[in-house]
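Data block below; observations after.
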Amino acid sequence: MERTVKVKKLSNLIRRKLLTIGNSKQCSHYQILLFIRDREHTFQRDIDKQFSLQRPTTTEILRIMENNGFITKKGTKEDLRLKEILITPKGIESVKNFEQPLNDVEENFVKDISAKDLATFDKVIDKMIKNGEENWYK
């Protein structure tokens, strides 16, 4: 139980630090916009998986982002029911002010940690996430 408490504590600290950049809804929206921007093709299921969100939650977030003009959805050639999510110029412009502060938050949390220790952390946290997803999505 001690590890889960530590993970929760770290999550809370990161969330509080991110709130200094914007409100919680803005922060999650900006992180999703950065994810969309940095990928060649993005679909809702990619966002669900990347952020461990349930489909209705992702649907609502994307609806808000589309209504605000940050993204558009386009049917694919293979299946018009499958919608690719595209970031708009307004979306790209809006994340410009968020990207550096987000990087600064991450840098603050990893300062004084060696590259080797960070690589180990990445391997361990990826494995923990995989274990959690395997148990959750059975």
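The values are calculated or read from the model by the stated rules, or taken from the named source; none is laboratory data. Just so we're clear, the structure is a prediction, and the values are computed from it rather than from any experiment. Note that we place each Cβ from the backbone using ideal geometry, even for glycine, and neighbour counts take in every protein chain shown.
Brief remarks follow.
- Residues of segment 1-50 satisfying the condition of being within 18 Å of Ile125 (Cβ to Cβ), among the basic types (Lys, Arg) and within 13 Å of the chain's Cα centre (by Cα): Arg15, Lys49
- For Phe109, the conditions (1) free of Cβ contacts under 8 Å to residues at least 24 places away in the same chain; (2) loosely packed, with under 14 Cβ neighbours inside 10 Å; (3) not acidic (Asp, Glu) are fulfilled apart from (1).
- In segment 80-105, the residues that are in contact (Cβ under 8 Å) with a residue 40 or more places away in the chain reach residues that are among the small types (Gly, Ala, Ser) and surrounded by 14 or more Cβ atoms within 10 Å (Cβ to Cβ) with C-beta atoms within less than 9 angstrom, at least six apart or across chains, in these pairs: Phe98/Gly22; Pro101/Gly22.
- Residue within segment 91-106 that is outside any helix (DSSP H, G or I), small (Gly, Ala, Ser) and more than 17 Å from Arg3 (Cβ to Cβ) present: no
- Residue in segment 91-114 that is in contact with a strand residue (DSSP E or B) (Cβ under 7 Å, 6 or more places away or on another chain), on the phi < 0 side of the Ramachandran plot, at pLDDT 90 or above and of a type in the set (S, T, N, Q) present: no
- Condition check for Leu18: crowded, with 16+ Cβ neighbours inside 10 Å and not β-branched (Val, Ile, Thr): yes
- Qualifying residue in segment 62-73 (condition: within 15 Å of the chain's Cα centre (by Cα), charged (D, E, K, R), surrounded by fewer than 13 Cβ atoms within 10 Å (Cβ to Cβ) and on the phi < 0 side of the Ramachandran plot): no
- Matching residues, segment 1-19, being in contact (Cβ under 8 Å) with a residue 24 or more places away in the chain and farther than 26 Å from Asn131 by Cβ: Lys17
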